[in-house]
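Each remark here refers to the structure printed beneath this line.
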Amino acid sequence: MTDQFDVSFVTREERSARLLIRGLTPATANGVRRAMIADVPTFSIDTVRFVENSSVMFDEMVGLRLGLVPLTTPLEDYEVGDTVTLALQKTGPGVAYSGDLETADDRVQPADDDIPIIELKEGQRLEFEADAVLDTGKEHAKHQGGVAVGYRHLQRVRVVGDRQEFDDPEPQIVRGVIETEDGDVVHTDEFDNDLRNRYPGKEVAVEDVPGAFVFHVESDGSLSVEELFVRAVDSLRDRADELAEAVAI
Amino acid sequence: MTYKCSRCKRDVQLDEYGGVRCPYCGHRVLLKERAPDVKEVDVV
């Protein structure tokens, strides 16, 4: 493994991205993946004080739903264990949505405004105050910032010859991201995952590129993909430093 | 203890001698109301 990593975005959207990283060992790649899931803290509702709940659900059930609402997390201003208070007051008929939550700090608010919490019928009312706590996915899955994080090897595709006229027309399915002979990085969605579409009439060979990984990172909205990734790498570095210090004589 | 009569919807105070019966309409089905205090729930 080198000291330098080459990182580039293959696709980049608001809440998901594909990153190509060269110079990683499989162990480091998996470490980064796990850190994104379990080590980057996000806010999540942890305690709810119900003033009134005449809905059809028990307080505990409404509480569990509230815990799963992703909250935006300004990590630069908060530390693990800090709390922010949110509140909701809603009278039926109507649906209480995550967007109805009022927050004490505008930077900590539901990442999506349209998550239904509960449907209230005529005369039903929901009123509570909730404390959101900053904690890590290691503590509880509701604090996970990365929701669909994984990686694949980058695959290099080489043209090795022409396909014979009567060769078996079996599809050649690849998934993820490929590197062409020109060095272009192409997502397999572009040719419907079938190499025959990209290289018609050609015989191709596919092999893994050593040390090159394509991460697919999806955030629940509490953090941006970039911040999630950088914080995960920071947490790995911190733990490595801690280990080095602990074993130093 | 405060209950609510399921027929006439009036608040009913029960004591140990009166038995379970609404003093206004005589209905025997009484509903227990939610306690007015704030309930704290841990989300786990």
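When only Cα pairs under 8 Å and 6 or more residues apart are kept, what is the percent relative contact order across chain A?
Details: 521 pairs, mean separation 67.1, N = 249.
The normalised contact order for chain A reaches 27 percent.
For the pair B and A, how large is the buried accessible area, both sides, in square angstrom to the nearest 100, if the probe is 1.4 Å?
Details: alone 4130 and 13810 Å², together 16860 Å².
The buried area between B and A, both sides summed, comes to about 1100 Å².
Suppose every Lys and Arg Cβ carries +1 and every Asp and Glu Cβ carries -1, with no other charges. What dipole size does the protein assembly as shown come out with about its Cα centre, to the nearest 20 debye? Mind showing how you got there, number by number?
Working: 34 positive and 59 negative charges, 323 e Å.
So the dipole magnitude of the protein assembly as shown works out to roughly 1560 debye.
With every protein chain kept in the model, how would you rank A:ARG175, A:ARG18, A:ARG239 by accessible area, 1.4 Å probe, largest at the top? Walk me through the intermediate numbers first.
Details: A:ARG175 130, A:ARG18 55, A:ARG239 110 Å².
From most accessible down to least: A:ARG175, A:ARG239, A:ARG18.
What size of dipole, in debye to the nearest 20, comes out for the stretch A:153-221 about its Cα centre when the only charges are +1 on Lys and Arg C-beta atoms and -1 on Asp and Glu C-beta atoms?
Around 120 debye, computed over the stretch A:153-221.
Stretch A:ASP100-A:ASN30 to full length: gain in nm at 0.36 nm per residue minus the Cα-Cα span?
On the way: separation 70, 0.36 × 70 = 25.20 nm, distance 3.83 nm.
Computed gain between A:ASP100 and A:ASN30 is 21.4 nm.
If you take all C-alpha pairs in the stretch A:91-249, what percent of them are over 20 Å apart?
Numbers: 8761 of 12561 pairs.
Roughly 70 percent, rounded to a whole number.
Can you return the lysines within cross-link range of A:LYS121? Criterion is Cα-Cα under 25 Å, with same-chain partners fewer than 8 residues away left out.
Leaving aside lysines fewer than 8 places away in the same chain, those within reach of A:LYS121 are A:LYS90, B:LYS4, B:LYS9, B:LYS32, B:LYS39.
Suppose the chain between A:VAL206 and A:GLU139 were pulled fully straight at 0.36 nm per residue; how much longer would it get relative to their current alpha carbon spacing? Could you put the intermediate results ahead of the total?
Numbers: separation 67, 0.36 × 67 = 24.12 nm, distance 4.08 nm.
So the extension gain works out to 20.0 nm.
Express the accessible area of the protein assembly as shown per residue in Å², computed with a 1.4 Å probe while the remaining protein chains stay in the model.
That works out to 58 Å² for each residue.
Points 7 angstrom from Cα along the Cβ direction at A:ALA148 and A:PHE5: gap in nanometres?
With each label point 7 Å from Cα toward Cβ, the separation is 2.2 nm.
Distance from a point 7 Å along Cα→Cβ of B:CYS8 to each backbone N in the stretch B:14-39: keep the residues under 20 Å and list them by number.
The answer is B:14-33, whose backbone nitrogens lie closer than 20 Å to the label point.
Taking only DSSP H segments of four or more residues, each worth -39500 (n - 2.57), what value at 222 nm results for the protein assembly as shown once the sum is divided by all its residues, to the nearest 500 deg cm²/dmol? Spell out each step's value before the answer.
Details: 4 runs with 49 residues, N = 293.
Value at 222 nm, helices only, nearest 500: -5000 deg cm²/dmol.
The values are calculated or read from the model by the stated rules, or taken from the named source; none is laboratory data. The structure presented is a predicted model; accordingly, all values stated were derived computationally and were not measured. Backbone-built Cβ (ideal geometry, glycine too); neighbour counts: all protein chains shown. Accessible surface is based on the protein model in full, side chains and every heavy atom, while ligands, DNA and RNA are left aside. Shrake-Rupley method; radii C 1.70, N 1.55, O 1.52, S 1.80 Å.
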